[in-house]
Structure formats: C-alpha cells, structure tokens
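First up is the structure itself, then whatever we jot down about it.
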Amino acid sequence: MKLIIAIVSNDDANKVQSELTKNGFSITKLATTGGFLMSGNTTLICGTQDEKVDKAISIIGEFSKKRTQMVPSTASYGVGMYTSFPVEVTVGGATIFVLDVERFEKL
C-alpha cells in the first residue's frame, strides 16, 4: 500500500480531484499555502494499492499544468530606495510524494 501526497495549484485542484475520484481513488483535500509565492495550493492525500500509483500520478500530471505568471518583485537600488517590478515565474504543475504505508485501516 502507498500514500500519495500531491501538492497542486488551486487552479488545477478541482479537476485533478474530480478525475482521481472518477477513476476510483479516494481523496482527502487540504488547503495549503506555498512558501515561495505565498499563494494558495491544494494538497491531495490518497491511499492506494502499489499497482495503482502510476495511474494516479498520470492523472495528476495530466490535469496539473505548468504555466508562467508575472509576479511583483522587490529589489533594492541604494539605501532606503526600493522599487517593485514584475518577474515571470513558472507556477502550477504538481509536487508528488509517494510513501510506503505500513498499516492502513478504514474505520
């Protein structure tokens, strides 16, 4: 048995969750915040059999797309002088962890 922890963009979370559920995966959804852009993410937790892990990862990858976005950045130009200018960053996609589960019980 495996535990899949997938961190996806809020923009993609509903579609990823829907597709996983359609394919028979039970999902727990947590609202989380990313540390880099301080933007909302969704963490999906799914326990599944070893042979179904690749299918789950395939679904997550298909519906979690990377894209670029302009975000403000602050840079210093001398003592006490700051200016903000946009920087293009890649957002979206998914970060996935797959862990071994020693014991699983559903009560």
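Structural remarks
- Proximal lysines relative to Lys52, as straight alpha-carbon distance under 17 Å, when same-chain residues fewer than 8 apart are discounted: Lys2, Lys22
- For Lys65, a cut-off of 16 angstrom between C-alpha atoms picks up these lysines, skipping any fewer than 8 places away in its own chain: Lys15.
- Full extension of the chain between Glu62 and Phe85 gives 5.0 nm of extra length, using 0.36 nm per residue less the Cα-Cα distance.
Each value in this text was obtained by applying a stated rule to the coordinates, not by laboratory testing. Source: prediction; values computed, not measured.
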